[in-house]
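Inspection log for the structure reproduced underneath, given as structure tokens.
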Amino acid sequence: MKDQAENLRNHTEMHHAKFIAIMSGKGGVGKSIFSLNYALSISKSGFKVLLIDFDIGMGNIDVLMGQSASHSIVDVLINNISLATVTEQGPFQLDYIGGGSALNQSIQFDRFTFEKFQKEFDHVQKKYDLVIFDMGAGINLQYIDVLLSMDEIFIVTTYEPTSIMDAYSMVKFLLLKNHEMHINVIMNRSTGHNNSKEFQKRLKNTVQQFLKKEIQVLGSIPDDKYVVKSVLEQEPLVIKYPTAAASIAIHKIASRQFGLTYVPRKLSFLERFKKRLLN
């Protein structure tokens, strides 16, 4: 797999990373747990991955790994600290940037902050194969241009009716802003007794019927006691319990979705972001 990752980087003269935002309509659905373990699954396969905790002021990616990030992405854009300085390393050579814990922190994107963002992330999109933004729950309109510039959006939901409705509302909002967005859904905490295939089909059909867009359900992750154990032990699930049902499901999603067939779009993430923000 490492040879395949290297071949992917060498395949294009203008290599730039794939940018993914992972979101949820509400908190408590397992979004950050999925983000971390998905990133680790891909990093373990030899790809260069950067995970950014973009839940500004309420980040917990570092805590899930039993670590403590000394900086956050806010330090890069507001406090003029270099991206290299704030980037930490987790297991499997996963690079990550913490989200911070100060609730009064936020980023207002304007021409100045974008120029700083562009300067730092120009190197990022050349260095990495995949950059993952673990967003806060819901949609923060301050960061809408960041979201709409992504290569793909992942929405994590559970099978609870309210969670599915929140996920649909989020899909609708994003598609009304940009109907070309590539949106995927992750169904989390399947119990095996909730007609998961039927729920997935119903969600896809509803989006197709009312929003005239096809979305992909990348997979279903079972409700697994080892997820809770890994959180309490502050060790990532795919490392501590690699044979757990949820670990296997996440690995399958990672293997199936991020692969070897990715063809970069004509405009990079930064080029799309600049076009949205400054035009």
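The values are calculated or read from the model by the stated rules, or taken from the named source; none is laboratory data. Being a predicted model, the structure only gives us computed values, none of them experimental. All Cβ positions, glycine included, derive from the backbone under ideal geometry; neighbour counts span all protein chains shown.
Which count do you get for residues in segment 41-76 that are without any contact (Cβ under 8 Å) to a residue 60 or more places away in the chain and in a helix (DSSP H, G or I)?
Number of matching residues: 6.
Which one of the conditions (1) more than 16 Å from residue 143 (Cβ to Cβ); (2) touching a residue at least 40 places away in the same chain (Cβ under 8 Å); (3) not small (Gly, Ala, Ser) does residue 89 fail to meet, given that it meets all the rest?
(2)
Can you tell me how many residues in segment 28-40 are part of a helix (DSSP H, G or I) and in contact with a Lys or Arg (Cβ under 9 Å, 6 or more places away or on another chain)?
Count: 0.
Collect the residues in segment 247-279 that are in a helix (DSSP H, G or I), within 17 Å of the chain's Cα centre (by Cα) and modelled with pLDDT under 85, keeping them in residue-number order.
Hits for segment 247-279 are 256, 257.
Could you tell me whether residue 228 is surrounded by fewer than 17 Cβ atoms within 10 Å (Cβ to Cβ) and in a helix (DSSP H, G or I)?
yes
Could you list, in sequence order, the residues of segment 149-164 that are within 17 Å of residue 196 (Cα to Cα), in contact (Cβ under 8 Å) with a residue 60 or more places away in the chain and not β-branched (Val, Ile, Thr)?
Passing the criteria: only 163.
Within segment 82-103, is even one residue polar (S, T, N, Q) and within 23 Å of residue 149 (Cα to Cα)?
Yes - at least one qualifying residue is present in segment 82-103.
Go through (1) over 18 Å from the mean Cα position of the chain (by Cα); (2) β-branched (Val, Ile, Thr); (3) modelled with pLDDT of 90 or more for residue 131 and report which single condition fails.
So the condition that residue 131 fails would be (1).
Any residue at all in segment 118-130 that's of a type outside the set (Phe, Trp, Tyr), closer than 23 Å to residue 279 by Cβ, touching a strand residue (DSSP E or B) at 6+ places or on another chain (Cβ under 8 Å) and buried (at least 18 other Cβ atoms within 10 Å of the Cβ)?
Checked against the condition, which is being of a type outside the set (Phe, Trp, Tyr), closer than 23 Å to residue 279 by Cβ, touching a strand residue (DSSP E or B) at 6+ places or on another chain (Cβ under 8 Å) and buried (at least 18 other Cβ atoms within 10 Å of the Cβ), segment 118-130 yields at least one hit.
Of the conditions (1) without any contact (Cβ under 8 Å) to a residue 40 or more places away in the chain; (2) crowded, with 16+ Cβ neighbours inside 10 Å; (3) in a helix (DSSP H, G or I), residue 112 fails just one. Which one is it?
The single condition residue 112 does not satisfy is (2).
I'm checking my understanding of the structure. Among residues of segment 82-106 that are out of contact with any strand residue (DSSP E or B) (no Cβ under 9 Å at 6 or more places or on another chain) and loosely packed, with under 15 Cβ neighbours inside 10 Å, which one is modelled with the lowest pLDDT?
It comes out as 103.
Working carefully through the options 66, 90, find the one that is under 18 Å from the mean Cα position of the chain (by Cα) and of a type in the set (Gly, Ala, Ser).
One residue alone meets the criteria, 90.
Do we have residue 203 as under 14 Å from residue 188 (Cβ atoms) and either at pLDDT below 95 or small (Gly, Ala, Ser) (or both) here?
Considered against the rule, which asks whether it is under 14 Å from residue 188 (Cβ atoms) and either at pLDDT below 95 or small (Gly, Ala, Ser) (or both), residue 203 comes out as yes.
State yes or no: is residue 37 of a type in the set (S, T, N, Q), closer than 27 Å to residue 228 by Cα and modelled with pLDDT of 95 or more?
yes
For segment 208-223, does any single residue satisfy the condition of being buried (at least 19 other Cβ atoms within 10 Å of the Cβ) and among the aromatic types (Phe, Trp, Tyr)?
no
Looking at 190, 196, which is the one that is in contact with a strand residue (DSSP E or B) (Cβ under 8 Å, 6 or more places away or on another chain), modelled with pLDDT under 95, surrounded by 20 or more Cβ atoms within 10 Å (Cβ to Cβ) and not β-branched (Val, Ile, Thr)?
Checking each option against the conditions leaves just 190.
Only one of (1) farther than 30 Å from residue 118 by Cα; (2) at pLDDT 95 or above fails for residue 174. Which number is that?
So the condition that residue 174 fails would be (1).
Test residue 27 against the stated conditions and say whether it is closer than 25 Å to residue 165 by Cα, surrounded by fewer than 18 Cβ atoms within 10 Å (Cβ to Cβ) and under 19 Å from the mean Cα position of the chain (by Cα).
When the stated conditions are applied, residue 27 passes them.
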